[in-house]
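What follows is a short report on a single structure.
The values are calculated or read from the model by the stated rules, or taken from the named source; none is laboratory data. Everything numeric in this text was worked out from a predicted model, so none of it was measured. Virtual Cβ from ideal backbone geometry, glycine too; neighbours counted across all protein chains shown.
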Amino acid sequence: MRHHMRFFALVAVFAAAGLAGLALAQEGGKIGMINSQEVLEKSVEGKKAIAKLQAADKTFSDQITKIDDQIKQLQGRLSAQSLTLTAAAAAGIQADIQKRQTDRQRSVEDASRSMQDLQATTMSQIQADLMPVIEQVRKDKGLDLIFDLTKSGTVFYNPALDLTAEVIRRYDAIKAAPPVKK
């Protein structure tokens, strides 16, 4: 019994020391928050990136729709002329339909891969452009840590810590400025 009491006393001392250290860390550390999704949706460059991705998606969708229309035309022709077509002609149209369906499947896979690549490179570029902006805001505000609300799983935060609008403003300003010649 006495051994258990010492153990619990020791645990209590370590817990108290840990909580005291946490309290000191919270007093010493300054934090801020940004919402990267909002930066993407509201910044000029983010809007351009979204428009670029939507345009590419529309192009790919239009290509798939064109193939779908070709398949429908062939199926309609096969259906409408089924009584007058020879077996060889019907088989030829059926082979064309199969080929177009295979082309469609490949187009869907290619479009999906291309969209993923475009999205990854676009988002990587935006992130690379944003990091120096966020770092400068962090320095200017004397912050030790900045969380991304989109990725952090934060349940509550003080809105005064939200730096999103300032990051958007600075990001837009940097992107609008003429490039510096070296």
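Which residue is farthest from GLU38 (Cα to Cα), if the candidates are limited to the stretch 132-153 and must be polar (S, T, N, Q) and touching a strand residue (DSSP E or B) at 6+ places or on another chain (Cβ under 9 Å)?
SER152
Identify, from the list ASP96, ASP103, the residue that is within 20 Å of SER61 (Cα to Cα), surrounded by 13 or more Cβ atoms within 10 Å (Cβ to Cβ), without any contact (Cβ under 8 Å) to a residue 40 or more places away in the chain and in contact with a helix residue (DSSP H, G or I) (Cβ under 8 Å, 6 or more places away or on another chain).
Numbers: ASP96 fails: within 20 Å of SER61 (Cα to Cα).
Unique residue meeting the criteria: ASP103.
Checking the structure you have, find out if any residue of the stretch 75-89 is touching a residue at least 24 places away in the same chain (Cβ under 8 Å), surrounded by 12 or more Cβ atoms within 10 Å (Cβ to Cβ) and under 45 Å from the mean Cα position of the chain (by Cα).
No, the stretch 75-89 has no match at all.
Looking only at residues that are in a loop (DSSP other than H, G, I, E, B) and under 21 Å from the mean Cα position of the chain (by Cα) in the stretch 134-167, which one is surrounded by the fewest Cβ atoms within 10 Å (Cβ to Cβ)?
Among those that are in a loop (DSSP other than H, G, I, E, B) and under 21 Å from the mean Cα position of the chain (by Cα), it is VAL155.
Against the definition (modelled with pLDDT of 95 or more, closer than 19 Å to GLY46 by Cα and loosely packed, with under 14 Cβ neighbours inside 10 Å), how does ASP117 come out, yes or no?
In short, yes.
Please list, ordered by first then second residue, the pairs with beta carbon atoms under 9 Å, 6 or more apart or interchain, first in the stretch 123-144 and within 16 Å of ALA173 (Cα to Cα), second hydroxyl-bearing (Ser, Thr, Tyr) and not in a helix (DSSP H, G or I).
Here the result reads ILE126/SER43; LEU130/SER43, each pair linking the stretch 123-144 to a residue that is hydroxyl-bearing (Ser, Thr, Tyr) and not in a helix (DSSP H, G or I).
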